[in-house]
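Take a look at the structure below.
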Amino acid sequence: MECRVLSIQSHVVRGYVGNKSATFPLQVLGFEVDSINSVQFSNHTGYAHWKGQVLTAEELNVLYEGIKLNQVNRYDYILTGYSRDSSFLETVVDIIQELKKANPSLVYVCDPVMGDHGAMYVPEYLLPVYRDKVVPLADILTPNQFEAELLTGRKITTEEDALEVMDLLHKLGPETVVLTSTDLPSKRGDQFLVALGSQNIVKADGTKTSQKICMDMPKVDAVFVGTGDLFAAMLLAWTHHHPKDLKAACEKTASVMHHVIRRTMTYANEMAGPGKRPSPAQLELRMVQSKADIENPAVVRRTLVLNVFMYQCNN
């Protein structure tokens, strides 16, 4: 049956962030995607210059009202990303609540885009909106380490801290939490990045199982934009195909990321030339060129290591 996603994220004319990072990969994997652009910019803000417009809460309401009047507002998934206005974000909350009421099996995938590396790049007043209103509605949450710390008020310095923070995020609402990047040291050395995930599952007999995974992924010496948006979209897709197996979903998600980033880095270095750092334009994700890898992501086990921990819980 048709599976339809409502994606509310940023949009750029040139390049791949937000909806541009999410829509094509999801369509390649068979999802119908309806996009609402929270902002429309010429390009991402990592360039020297950028121009564009920001969608207001009122304009968002108008767009959604048009969908609703035509009675085509039934969705299987909602995916949200970048927003920098509290009234806009609260309108998104209202829409999610209405769509979940219409379809109780709807899955909401939330990427709580607030900041990274110890700094917020959205207004601080968005934090309580995310923590108190957005995250409790989410079924799948994909924060980075800094965002997870903001949402829980807990610092992460060890793997045990990370597991406790994910449990705290579960208590806020989401059944699946993936920390997409952390500063934790990898057991494989400083050339690897550590990500962690946790999924709570209620079995047919009513018992609860918690699957927790730790992923070691190779670092790349470049600044990419749009990779978090791609990660959230691919986690949506692969948890759809593996709803009770976070390990399989994360393996395929991470493998897509690996192939896209590797292809992008190869192209960027060729364009920049020997000894020169690639420009933001040269580092735009090679999304279309990665179509085959998005459709069938070969799991690169030599460069991707997943450790899986299973916890059996009582009711």
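Count of the stretch 73-90 residues, restricted to those that are more than 17 Å from the chain's Cα centre (by Cα) and open to solvent by less than 30 Å² (accessible area, probe 1.4 Å), is 2. Each residue in the stretch 256-284 was checked for being within 22 Å of residue 47 (Cβ to Cβ) and either assigned to a loop (DSSP other than H, G, I, E, B) or among the polar types (S, T, N, Q) (or both), and 13 of them qualify. Looking only at residues of the stretch 86-122 that are touching a strand residue (DSSP E or B) at 6+ places or on another chain (Cβ under 6 Å) and not hydrophobic (A, V, I, L, M, F, W, C), we find that the one that is modelled with the lowest pLDDT is 121.
Residues in the stretch 247-269 that are over 19 Å from residue 25 (Cβ atoms) and aliphatic (A, V, I, L, M): 268 alone. Within the stretch 124-142, residues that are of a type in the set (Phe, Trp, Tyr) reach partners that are open to solvent by less than 30 Å² (accessible area, probe 1.4 Å) with beta carbons closer than 6 Å, at six or more positions or on different chains, in the pairs 130/112.
Mind checking which residues of the stretch 41-72 are of a type in the set (Ser, Thr, Tyr), crowded, with 16+ Cβ neighbours inside 10 Å and farther than 23 Å from residue 126 by Cα? Hit for the stretch 41-72 is 47, nothing else.
The set of residues from the stretch 128-145 being closer than 15 Å to residue 113 by Cβ and within 17 Å of the chain's Cα centre (by Cα) comprises 130, 131, 134, 135, 138, 140, 141, 142, 143, 144, 145. Among the residues of the stretch 175-211, just one is of a type in the set (Lys, Arg) and either without any contact (Cβ under 8 Å) to a residue 12 or more places away in the chain or under 15 Å from residue 256 (Cα atoms) (or both), namely 203. Pairs, please: C-beta under 7 Å, at least 6 apart or cross-chain, first residue closer than 26 Å to residue 189 by Cα and in the stretch 212-237, second modelled with pLDDT of 95 or more and among the aromatic types (Phe, Trp, Tyr)? Pairs found: 226/16. Specify the residue that is surrounded by the fewest Cβ atoms within 10 Å (Cβ to Cβ); the eligible residues are those in the stretch 110-138 that are of a type outside the set (Ser, Thr, Tyr) and in contact with a Ser or Thr (Cβ under 7 Å, 6 or more places away or on another chain). Filtering the stretch 110-138 for residues that are of a type outside the set (Ser, Thr, Tyr) and in contact with a Ser or Thr (Cβ under 7 Å, 6 or more places away or on another chain), the one surrounded by the fewest Cβ atoms within 10 Å (Cβ to Cβ) comes out as 129. Each residue in the stretch 208-244 was checked for being of a type in the set (A, V, I, L, M), under 30 Å from residue 12 (Cβ atoms) and not in a helix (DSSP H, G or I), and 6 of them qualify. Of the residues making up the stretch 1-18, those that are open to solvent by 10 Å² or more (accessible area, probe 1.4 Å) and of a type in the set (Ser, Thr, Tyr) number 2. Restricting to the stretch 168-196, name every residue that is part of a helix (DSSP H, G or I), in contact with a strand residue (DSSP E or B) (Cβ under 7 Å, 6 or more places away or on another chain) and open to solvent by 10 Å² or more (accessible area, probe 1.4 Å). Answer for the stretch 168-196, where residues must be part of a helix (DSSP H, G or I), in contact with a strand residue (DSSP E or B) (Cβ under 7 Å, 6 or more places away or on another chain) and open to solvent by 10 Å² or more (accessible area, probe 1.4 Å): just 170. Every test in (1) under 26 Å from residue 5 (Cα atoms); (2) in contact with a helix residue (DSSP H, G or I) (Cβ under 8 Å, 6 or more places away or on another chain) is passed by residue 218 save one, and that test is (1). Residues of the stretch 24-34 that are more than 9 Å from residue 5 (Cβ to Cβ) and open to solvent by 50 Å² or more (accessible area, probe 1.4 Å): 24, 27, 30. Let me confirm something: among 38, 21, which residue is touching a residue at least 40 places away in the same chain (Cβ under 8 Å), open to solvent by less than 10 Å² (accessible area, probe 1.4 Å) and more than 23 Å from residue 260 (Cα to Cα)? Result of the check over 38, 21: 38.
Looking at the stretch 139-160 only, could you name the residues that are of a type in the set (Asp, Glu), over 22 Å from residue 249 (Cβ atoms) and open to solvent by 30 Å² or more (accessible area, probe 1.4 Å)?
160, the sole residue that qualifies.
The values are calculated or read from the model by the stated rules, or taken from the named source; none is laboratory data. Only a predicted model underlies this, so the values are computations on that prediction, with no experimental measurement involved. Cβ sites come from the backbone with ideal geometry, for glycine too, and all protein chains shown count toward neighbours. These area figures cover heavy atoms from the full protein model, side chains too; ligands, DNA and RNA do not enter into them. Shrake-Rupley method; radii C 1.70, N 1.55, O 1.52, S 1.80 Å.
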